[in-house]
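Notes to accompany the following structure.
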Amino acid sequence: MADVAALAGVSLSTVSLTYSGAGPLSAETRAKVERAAAELGYGGPAPHAQALRSGRTGVVGVVIHERLQLSLRDPLMLRIMDALVGDLGQMGLGVLLIPTPTGEPGERSLLETASMDAAVLLRVRDHDGEPAIDILRRRGLPMVVMEGEAPQGAGILEIDDRAATAALIRHLVDLGHERIGTITLPAGLDGETRVRTLEDALAETAWTPVHRRLEAFADAGVEPCVVVEARASIAAEGLAAAHLALAQEPRPTALVCQSDLLAGGAILAARELGIPVPQHLSITGFDGIDLPWIAPLELTTQVQDAEAKGHAMAAEVKALLAGDSPEPVVMELELRLGNTTARPPHASAT
């Protein structure tokens, strides 16, 4: 920087202001500094030196709640992350993707050592504590939590998925369905696609959204006739889970799926089994993503605005880094009635 200042005929502080953008400089002065820097091959202050001086790393950790290869196959999560990362980039902040810690004894989590200014947790556990929150608390780092309990002072982004799921169940009940099953999101990091009892699913489920969407059955006054946990929120696992659900006797006449991808997989399973949707099987989803491959069907689902969620969490990060305490954000959901739900066969015959 001293060499650039000497060549440009300006002070060292003027060179510093050129790169920090923190003070008023004329366009002529800024151009003079940039020409001198280009002539000397100087690319700007070293990031680690800037971090030492400012006490900031310019990095936000984004804690992924499932395996990255699965998370990046979920269009909803990609849309959330696209908006979040884009807004953080506009603030001059980079992103470090961090696997969620398991809390196992002896675990060495990147979250404990990585340099960052704040963290965004994409969903948290709802029982036995959340290791990621405990680590960030110990480090004194500000955090934003998506869909789950958060400590005081943290940024919070919520959806009322319990009430939204109850609305889907009541819609099926109003149509006359009595045998309603459900296909859930994964209960943890290393689950498998399997049939569960409702009691076991509620007791062992780690992630808050899964728990809430199961509790919605009690709110709607319905006991699910079958509960199938999917290994991941992808169509292939929805297909496998639906095969398990539809093998139950008596067979469900409706399936409440905890994501649109799982619902799309369930529709594929019904097609393989020769079960017409919605005439003999009603299926609901959750998220509101585009599934052109189930045409001419359009899911009955709860729609959430993924981009708005990403923008809101980025705004909360900005507020926390400015020393403010952001207000909790609750995103609205919209019930969209498609053509994947109808009266069950016994009801339409009466």
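Just so you know, all these numbers are worked out from the coordinates, no wet-lab data involved. These numbers were taken from a predicted model, which means no experiment stands behind them. Using ideal geometry, Cβ is built from the backbone for each residue, glycine included, and neighbour counts are taken over all protein chains shown.
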Worksheet item: Across segment 138-159, what is the total count of residues that are over 15 Å from residue 210 (Cβ atoms), assigned to a loop (DSSP other than H, G, I, E, B) and touching a helix residue (DSSP H, G or I) at 6+ places or on another chain (Cβ under 9 Å)?
Response: 6
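Taking the criterion of being farther than 30 Å from residue 265 by Cα, out of contact with any Gly (no Cβ under 9 Å at 6 or more places or on another chain) and not β-branched (Val, Ile, Thr), would at least one residue in segment 154-167 satisfy it?
Within segment 154-167, one or more residues are farther than 30 Å from residue 265 by Cα, out of contact with any Gly (no Cβ under 9 Å at 6 or more places or on another chain) and not β-branched (Val, Ile, Thr).
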Worksheet item: Within segment 177-209, which residues are of a type in the set (Gly, Ala, Ser) and either surrounded by fewer than 20 Cβ atoms within 10 Å (Cβ to Cβ) or not in a strand (DSSP E or B) (or both)?
Response: 187, 188, 191, 201, 203, 206
Worksheet item: If you take the residues of segment 266-287 that are small (Gly, Ala, Ser) and in contact (Cβ under 8 Å) with a residue 60 or more places away in the chain, which of them is nearest to residue 175 (Cα to Cα)?
Response: 282
Item to complete: Determine, yes or no, whether residue 270 is over 20 Å from residue 226 (Cα atoms), assigned to a helix (DSSP H, G or I) and out of contact with any Lys or Arg (no Cβ under 9 Å at 6 or more places or on another chain).
Response: no
Practice prompt. Inspect all residues belonging to segment 273-296 and state whether any of them is of a type in the set (Gly, Ala, Ser), under 17 Å from residue 187 (Cα atoms), within 26 Å of the chain's Cα centre (by Cα) and in a loop (DSSP other than H, G, I, E, B).
Written response: no
Worksheet item: So, in segment 77-113, of the ones that are touching a Gly at 6+ places or on another chain (Cβ under 6 Å) and farther than 16 Å from residue 316 by Cα, which residue ends up surrounded by the fewest Cβ atoms within 10 Å (Cβ to Cβ)?
Response: 96
Worksheet entry | Subset of segment 5-28 (residues that are more than 22 Å from residue 91 (Cα to Cα), under 45 Å from the mean Cα position of the chain (by Cα) and surrounded by 17 or more Cβ atoms within 10 Å (Cβ to Cβ)) | 14
